[in-house]
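Below is one structure, written out as structure tokens, with a few remarks after it.
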């Protein structure tokens, strides 16, 4: 299934163009935000001394703040959807997003079947449930 989202919501570019996006990309975006994932170890994404500080909203269309706000709303929406999904499907979505975000396929859980075929079927069912609620 495909999900239609606005490029701007994802911060890809400033044009208001509708496109089809892979639901796994949405889950990866959600996982990175939920896990406070830092791409380079040792370098935080924000300074602790300025956490919570808010800039003027005067130039939001020019400085990218509107895109950041839209991306945040999208992530909160995805989070609500994922949190409504029952176990073990929620775990399957989380691990799928984590594996894709980190570029490896090593993360697993005891909550998921150990048989690769059963696990693949569970992940497919989890994606179907995710897309049914979007």
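The values are calculated or read from the model by the stated rules, or taken from the named source; none is laboratory data. Given the structure is predicted, the values throughout are model-derived calculations rather than measurements. So basically every Cβ, Gly included, is an ideal-geometry build from the backbone, and we count neighbours across all protein chains shown.
Just a few scattered comments:
- Residue count, region 95-112 (criterion: surrounded by 11 or more Cβ atoms within 10 Å (Cβ to Cβ) and under 16 Å from the mean Cα position of the chain (by Cα)): 8
- Check on residue 112, over 18 Å from residue 23 (Cβ atoms) and either touching a strand residue (DSSP E or B) at 6+ places or on another chain (Cβ under 9 Å) or at pLDDT 90 or above (or both): yes
- Qualifying residue in region 35-55 (condition: surrounded by 12 or more Cβ atoms within 10 Å (Cβ to Cβ), in a helix (DSSP H, G or I) and either touching a strand residue (DSSP E or B) at 6+ places or on another chain (Cβ under 9 Å) or at pLDDT 75 or above (or both)): no
- Members of region 113-130 that are closer than 17 Å to residue 100 by Cα, without any contact (Cβ under 8 Å) to a residue 40 or more places away in the chain and surrounded by 13 or more Cβ atoms within 10 Å (Cβ to Cβ): 119, 122, 123
- Listed conditions (1) touching a helix residue (DSSP H, G or I) at 6+ places or on another chain (Cβ under 7 Å); (2) assigned to a helix (DSSP H, G or I); (3) modelled with pLDDT of 90 or more are all met by residue 91, apart from (1).
- Pairs with Cβ under 6 Å, 6+ apart, first in region 81-107 and free of Cβ contacts under 8 Å to residues at least 12 places away in the same chain, second buried (at least 19 other Cβ atoms within 10 Å of the Cβ) and part of a loop (DSSP other than H, G, I, E, B): none
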